[in-house]
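Student: My questions all concern the structure below.
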Amino acid sequence: MRKFLLQTLLFLLPVVLLAVFALLFMVEAGSQGDLARMSATRFNCQYPDPQTSLPRAACTDIELGMPLPRSYSHNAILVLGDSFSHPNDSIWPHDSRWHQYLGGAIGRPVVSMSDMMYNPFQLFLSILKHRPTDLPDTVFIETVERAYANRITDLKFDSTPHPDIYQKHQLPEPNLYQSILGHYKAKLEIANPVLALKIDTTLFSCHGNTLYALKADTSRQNWIDTTRMRKNLQRLVNMADEKGITLYIVLIPDKFSVYHHRCVDDQMAQAYRLVEDRTIIGASDRLINPLESLRKLVDQGKQDVYLPDDSHFSALAAEQVGLFVASAISKRTLGTTN
């Protein structure tokens, strides 16, 4: 009996040790960025607080689909976005989100209704149809590049749901087995959604010469219907104009799009980048694309324009995007009054 128990213990010990190791890593990785968690890679980065004297607007974050606060109805700008606009103090501390720099530059407070799980274009349509008096005269829809095609193509104009359905629901957390399995799949390069690409200089404070980015950033969906995308965008803008609302779309470049020209592997230059596709980004003067302003920071040698361990940009880039958007809309306003 003792021999059987000993053999069983020796058989199970490696499995237990592997599980303990995975658990310890997951606890540590929980405080790191999304790319660290998905790739099971250690970073342990420390990001400084943003050093800036630029004005930043107050931002009121409200639940998806909820009415806008009455006190902000006319003066504020409304931002409907995804995770790049959602509050995350570990990425954008001390009121340093891109739209707070935008609001500070144009002198208006901000209301943000943002979550990565919902289509902000559809949410705007819902509010425009069912609660138009909630909307201020200026609205920004922010979307990350990799999601833009789906979001604008799949818009439902004729069966727009009521905004109440967008109220946030918590997604179930993965159980212990799923978490451990996901860790080892990433470690063994099985179903790993993250690329690790060598770049030609040190551009990150952790793993300085390696670009970690989502594989999804480098692929083109063959089904993209650019004609439908242009038509849907123009229809959306026109519907807003008819209600006296000026609508802007802020297209946030994927991390790979900003850094791809610094990759050592020349084959990566052939990867599709929606944010450079003129048939898409030239569809409307309301579509604002800060790609070149972010690349300038990279080419100046600025570290951590996008975070080393995360698919999101840093507070430094948020400042750049906010000021770029403010400049773009001011030029457009001046152009229409001349």
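The values are calculated or read from the model by the stated rules, or taken from the named source; none is laboratory data. Owing to the predicted nature of the structure, the values given are computational and were not obtained by experimental measurement. Cβ coordinates were reconstructed from backbone atoms using ideal geometry, including for glycine residues, and neighbour counts include every protein chain displayed.
Yes/no per residue for (1) assigned to a loop (DSSP other than H, G, I, E, B); (2) hydroxyl-bearing (Ser, Thr, Tyr); (3) in contact (Cβ under 8 Å) with a residue 24 or more places away in the chain:
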residue: ALA283; (1), (2), (3): yes, no, yes
residue: GLU292; (1), (2), (3): no, no, no
residue: ALA318; (1), (2), (3): no, no, yes
residue: THR333; (1), (2), (3): no, yes, no
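Student: Residues to consider are LYS302, LYS331, LYS296; find the one that is surrounded by fewer than 21 Cβ atoms within 10 Å (Cβ to Cβ), closer than 17 Å to PRO48 by Cα and charged (D, E, K, R).
Tutor: Answer to the selection: LYS302.
Student: In the stretch 116-143, which residue that is among the polar types (S, T, N, Q) and touching a Lys or Arg at 6+ places or on another chain (Cβ under 9 Å) is farthest from MET66 (Cα to Cα)?
Tutor: THR143
Student: Sticking with this structure for a sec: Take the stretch 28-63 and flag every residue that is surrounded by 15 or more Cβ atoms within 10 Å (Cβ to Cβ), modelled with pLDDT under 85 and under 17 Å from LEU316 (Cα atoms).
Tutor: Answer for the stretch 28-63, where residues must be surrounded by 15 or more Cβ atoms within 10 Å (Cβ to Cβ), modelled with pLDDT under 85 and under 17 Å from LEU316 (Cα atoms): CYS45, TYR47, PRO50.
Student: Considering the stretch 226-250 alone, what residues qualify as being among the basic types (Lys, Arg) and either at positive phi or under 25 Å from the mean Cα position of the chain (by Cα) (or both)?
Tutor: Once the filter is applied, which keeps residues that are among the basic types (Lys, Arg) and either at positive phi or under 25 Å from the mean Cα position of the chain (by Cα) (or both), the stretch 226-250 yields ARG228, ARG230, LYS231, ARG235.
Student: Given the structure, is ALA196 assigned to a helix (DSSP H, G or I) and modelled with pLDDT of 70 or more?
Tutor: Taking the combined requirement at face value, the residue does not satisfy it.
Student: Would you check which residues across the stretch 45-62 are of a type outside the set (S, T, N, Q) and outside any loop (DSSP other than H, G, I, E, B) and list them?
Tutor: Within the stretch 45-62, CYS59, ASP61 qualify.
Student: Return the residue satisfying two criteria in turn: it lies in the stretch 104-155 and is under 30 Å from ALA271 (Cα atoms) and among the charged types (D, E, K, R), and of such residues it is surrounded by the fewest Cβ atoms within 10 Å (Cβ to Cβ).
Tutor: The residue in question is ASP154.
Student: I'd like to verify a number: residues in the stretch 63-83 that are part of a loop (DSSP other than H, G, I, E, B) and either closer than 18 Å to TYR166 by Cβ or among the polar types (S, T, N, Q) (or both), how many?
Tutor: 11
Student: Another question, if that's okay. Among the listed residues HIS86, HIS99, which satisfies the condition of being under 22 Å from ARG146 (Cβ atoms) and not in a loop (DSSP other than H, G, I, E, B)?
Tutor: HIS99
Student: Out of all the residues in the stretch 264-280, is one or more in a strand (DSSP E or B) and either without any contact (Cβ under 8 Å) to a residue 24 or more places away in the chain or closer than 27 Å to ASN75 by Cβ (or both)?
Tutor: No, that holds for no residue.
Student: Any chance you could count how many residues in the stretch 297-320 are touching a strand residue (DSSP E or B) at 6+ places or on another chain (Cβ under 8 Å) and farther than 15 Å from ASN88 by Cβ?
Tutor: Going through the stretch 297-320 one residue at a time, the tally reaches 2.
Student: Looking at (1) in contact with a Phe, Trp or Tyr (Cβ under 7 Å, 6 or more places away or on another chain); (2) at pLDDT 95 or above; (3) closer than 30 Å to ASN192 by Cβ, which is the one condition that is false for PRO120?
Tutor: (1)
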